[in-house]
Amino acid sequence: MSAERIATDVPARADIVVIGGGPAGLAAATEAARRGAAVVLLDEQPALGGQVYRAVEANRARGKTLDADYAEGGRLVDAFRASGALAIHEASVWLVEPDGTVGFSRAGAATLMKAERVIVATGAVERAMPIPGWTLPGVMTVGAAQILLKTAGLVPQGRVWIAGSGPLLRLYAVQALAAGGQLAGIIDTTPPGNRRAALRHMGGAMGALGELRKGLAWTQAIRQAGVPWITGAHDLRAEADDDGALGTISFTADGARRSEPADTLLLHNGVVPNVQITRALDIEHDWNQTQRAFRPRCDAWGSTSVPAVMIAGDGAGIVGAAASAIAGRLAALESLRALGRLDQAARDDAAAPLRRALARALAIRPFLDALFAPSPEYLVPAGETIVCRCEEVTASALRQAVSLGCLGPNQLKSFTRCGMGPCQGRICGLTVAEVIASARGASVADVGYYRLRFPIKPLTLGELAAVHAPADPTAPR
Amino acid sequence: MFARPHSDTPHLTITVDGQPVGAREGDSVAAALLAAGVVAMRSTPVSQSKRGPYCMMGVCFDCLMIIDGVPSRQACMVSVRDGMRIERQRGPRPLEVDTEDSP
C-alpha cells in the first residue's frame, strides 16, 4: 500500500480515537460509533482482534475457530464492522498529547490526528520471566507461540517445553495439542502455596462456574494427551548449544536436578498492563500488590487525570477479555456524555446492565490472581541473569548500582543503561522495580517505575520530518 | 521448533541472506522464518550474542532485521511479500553513509 493512499485515507479529526483493536478497543469503538460519534480505531496489527482474538476473521474464514471464547472475538469484529467506525491497521502510535492529538506511523509515513477523546485500549503484555539463558534464540513466550498458531497456523514440533504459570499456559497447550502439535512437557512453576490462598476466594469464583469448569477441562485435556506435567519446579535454566541457540533446559523438581534437551522453551509468567502511553502522559499509576504490577489510576468509567484520555480493558489492570469488552463500552458511554452526545441519565441507564455483567465477568478474578500469583523467584532474578535484554544488564549489575546509592529505575539508567535499548523498558520495567525494591528493602510502590517519554515507538528522523497532518479541519460525520 | 500443517504449502518466496525461504500470505517475516527453521535472526550490539523472536507482538524488539534494505525493522510486525529481501542484522544497526556526498 502506498504512502499517498495512507495519507489521504486518514481523517484530520475524529470525535473519538480508540487505540488498540482488542476486545476493549473494538467494543468501545462500536458503542461510540453506533451512537453517532465519528470514531477512528488505530491498531498496530494487520487485522482486528488484539492478541486474544488475533487473526480471528482469517481463521473463521478457514473454518478454524479454536474454541468458543475465540469465536466471541468474531462477533465483536462483526459488530465493529457494522458500526460505521473506521479502522486503520498497521498503525503504530508513538504520541498521545493531553489535548487529544495522536501521532502514528504506517508504512514509514507519520501522521497526526486530533480527537476530542482518546480511549487507550492497549491491553496487556506478558510479564517478563527472567531466567538464566532466556535471551537465547529458541526461548520465547507462550503468547508468542500462540500468536504463531493464530496467525500462521504453526504448531510446536520436536522438543518443545512450556514453563511457568498462568491460565494462558494451559490454554495454549490445549490449543497446540488440538491443532496437532507436540509438547515435550510442562514445567509448572506455580508456588505450591498458591492453591491454599486461592481456596479462600473459591466462594466468589463459584459465581463463575463456567470459567472454573473450563480451566478443569484444559487440565484434563493436557493430562489425557499424556504430556508430562512437572509441578513445583524451580531454578529453571536455559543453556546454549554449540551454535549459540537453545540446546538444553534444566530445573529442580522433587528435590532432584533434571536436564533435558530442548529445541524450544516457551515461558509464561502471567500478564500485566501495557502502560507505555499512560506513563508517557504522566497519569498517576498505583501499585497493585496482588497482580504485582502498576496500573494507571482511573475511575469506574476509565476516566483519568487527563480529561481527554480514558483507559479501557487490561491496560487499566488485568481483567480478561470479557470484562475488557464491557469496560470498553463503559468508556465509550462516558466519552459520549463528555462530548455532549448523551445526557447523564441516558449514560447511566445504558451502563446499569453493563455494570452487572462486569461484576459477573470479574467474579473469578480474585481466585485466578491468587492461584497464579507469580513465583518470587522470577520476580526478583538472581546473579548473572540478564534483566534488560536490550542492553544486556544483569541482576547483579543492578544490585551493585543499588549498593552504590542508586535509589530508583530512572537513576539506574545512567548507572547501567538498563531500560535504554529499543524496547524502551517494556520488558524489564517491572523486574527492575522489583529488584531495586528487594535490594533496598523498600516497597515497589516507593521505588516506582521508569519515566517514559514520547515517542513511545522508535521513529526515524525521516518520518518525523515528513509528519503528515491532514489539512481538512472538518470532522467526518 | 514449529511446523506448518501439511495442507499449508508455502506459495511465496522470500530470501534470507540470499537463501530462498517459502512463506505464506498472512505470515509475518518472523513467523515465516520460524516455520522454515530459522531461529536466530540477529546478533546484539553489546555482546554479539544471537537473538531470535521472543514476544512476537512488537514488544521486545529482539527480532530486528534488515528488511528490503531497511535496518532495525521488527520482523514480527512486518507482513511478508513475495520477493522480500531479508538480512540478519549483525551487531549495531549500520549507519547509512552516502560516501559520494562526502567531502
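The values are calculated or read from the model by the stated rules, or taken from the named source; none is laboratory data. It should be emphasised that the depicted structure is a prediction, and the values quoted were computed from it without experimental measurement. Note: ideal-geometry Cβ built from the backbone for every residue, glycine included; neighbour counts use all protein chains shown. Only protein heavy atoms, including side chains, enter the accessible area calculation; ligands, DNA and RNA are left aside. Shrake-Rupley method; radii C 1.70, N 1.55, O 1.52, S 1.80 Å.
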Margin query: Take residue A:375 and tell me if it is open to solvent by less than 50 Å² (accessible area, probe 1.4 Å), away from chain B (no Cβ under 14 Å) and at pLDDT below 95.
Written below: yes
Next item on the list: Grab the helices (runs of 4 or more DSSP H) fully contained in region A:269-368, keeping just those with 3 or more residues being touching a residue at least 60 places away in the same chain (Cβ under 8 Å) and closer than 26 Å to residue A:69 by Cβ.
Entry: A:321-338
Next item on the list: Among the residues of region A:133-152, write down those that are at the interface with chain B (Cβ under 7 Å from one of its Cβ atoms) and either under 15 Å from residue B:33 (Cβ atoms) or aromatic (Phe, Trp, Tyr) (or both).
Entry: A:137, A:138, A:140, A:144, A:147, A:148, A:151, A:152
Next item on the list: Determine which single condition residue A:34 fails, assuming it passes every other condition in (1) in contact with a helix residue (DSSP H, G or I) (Cβ under 7 Å, 6 or more places away or on another chain); (2) closer than 30 Å to residue A:172 by Cα; (3) open to solvent by 10 Å² or more (accessible area, probe 1.4 Å).
Entry: (2)
Next item on the list: Considering only region A:88-120, state which residues are assigned to a strand (DSSP E or B), within 13 Å of chain B (Cβ to nearest Cβ) and not aromatic (Phe, Trp, Tyr).
Entry: A:92, A:93, A:105, A:106
Check: Mind checking which residues of region A:153-169 are of a type outside the set (S, T, N, Q) and more than 10 Å from chain B (Cβ to nearest Cβ)?
Finding: A:161, A:162, A:163, A:164, A:166, A:167, A:168, A:169
Next item on the list: State which residue pairs qualify: first residue closer than 11 Å to residue B:93 by Cα and without any contact (Cβ under 8 Å) to a residue 40 or more places away in the chain and inside region B:57-70, second residue small (Gly, Ala, Ser) and open to solvent by 30 Å² or more (accessible area, probe 1.4 Å) in any location, beta carbons under 6 Å apart, and separation of 6 or more residues or different chains.
Entry: B:64/B:72
Next item on the list: Scan (1) hydrophobic (A, V, I, L, M, F, W, C); (2) open to solvent by 40 Å² or more (accessible area, probe 1.4 Å); (3) in contact with a strand residue (DSSP E or B) (Cβ under 7 Å, 6 or more places away or on another chain) for the single condition residue A:87 breaks and write down its number.
Entry: (2)
Next item on the list: Filter region A:238-267 down to the residues that are in a strand (DSSP E or B) and facing chain B (nearest Cβ under 10 Å), then identify the one that is surrounded by the fewest Cβ atoms within 10 Å (Cβ to Cβ).
Entry: A:240
Notebook entry, point to check: Across region B:70-83, which residue is farthest from the other protein chains (Cβ to nearest Cβ) among those that are buried (at least 17 other Cβ atoms within 10 Å of the Cβ) and part of a loop (DSSP other than H, G, I, E, B)?
Noted result: B:75
Note to self: Between a residue in region A:134-159 that is modelled with pLDDT of 95 or more and any residue that is open to solvent by less than 10 Å² (accessible area, probe 1.4 Å) and of a type in the set (S, T, N, Q), which pairs come within a Cβ distance under 6 Å, given they are 6 or more apart or on different chains?
What the structure shows: A:138/A:264
Margin query: For the condition within 11 Å of the chain's Cα centre (by Cα), more than 10 Å from every other protein chain (Cβ to nearest Cβ), open to solvent by 20 Å² or more (accessible area, probe 1.4 Å) and not aromatic (Phe, Trp, Tyr), what is the one hit in B:86, B:14, B:66?
Written below: B:66
Checklist line | Index of the failed condition, residue B:42 passing every other in (1) at the interface with chain A (Cβ under 8 Å from one of its Cβ atoms); (2) modelled with pLDDT of 95 or more; (3) closer than 30 Å to residue A:416 by Cα; (4) under 14 Å from the mean Cα position of the chain (by Cα) | finding: (1)
Margin query: With open to solvent by less than 50 Å² (accessible area, probe 1.4 Å), hydrophobic (A, V, I, L, M, F, W, C) and touching a residue at least 60 places away in the same chain (Cβ under 8 Å) as the only criterion, which of A:456, A:436 stands out?
Written below: A:456
Note to self: Going through A:393, A:402 one at a time, which residue ends up being at pLDDT 95 or above and away from chain B (no Cβ under 12 Å)?
What the structure shows: A:402
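Pick out the one residue from B:7, B:28 that is of a type outside the set (A, V, I, L, M, F, W, C) and out of contact with any Cys (no Cβ under 9 Å at 6 or more places or on another chain).
Step by step, each of B:7, B:28 is checked, and only B:7 is of a type outside the set (A, V, I, L, M, F, W, C) and out of contact with any Cys (no Cβ under 9 Å at 6 or more places or on another chain).
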Item checked: Index of the failed condition, residue B:58 passing every other in (1) open to solvent by 40 Å² or more (accessible area, probe 1.4 Å); (2) assigned to a loop (DSSP other than H, G, I, E, B) -> (1)
Note to self: in contact with a helix residue (DSSP H, G or I) (Cβ under 6 Å, 6 or more places away or on another chain), under 22 Å from residue A:418 (Cβ atoms) and within 7 Å of chain A (Cβ to nearest Cβ): which single residue out of B:60, B:55 fits that description?
What the structure shows: B:55
Note to self: Condition (residue is hydroxyl-bearing (Ser, Thr, Tyr), open to solvent by 20 Å² or more (accessible area, probe 1.4 Å) and outside any strand (DSSP E or B)) applied to region A:62-84: is it met by at least one residue?
What the structure shows: yes
Next item on the list: Mind counting the residues in region B:17-39 that are open to solvent by 20 Å² or more (accessible area, probe 1.4 Å), outside any loop (DSSP other than H, G, I, E, B) and within 7 Å of another protein chain (Cβ to nearest Cβ)?
Entry: 1
Margin query: Take residue A:388 and tell me if it is in contact with a helix residue (DSSP H, G or I) (Cβ under 7 Å, 6 or more places away or on another chain), at pLDDT 95 or above and not hydroxyl-bearing (Ser, Thr, Tyr).
Written below: no
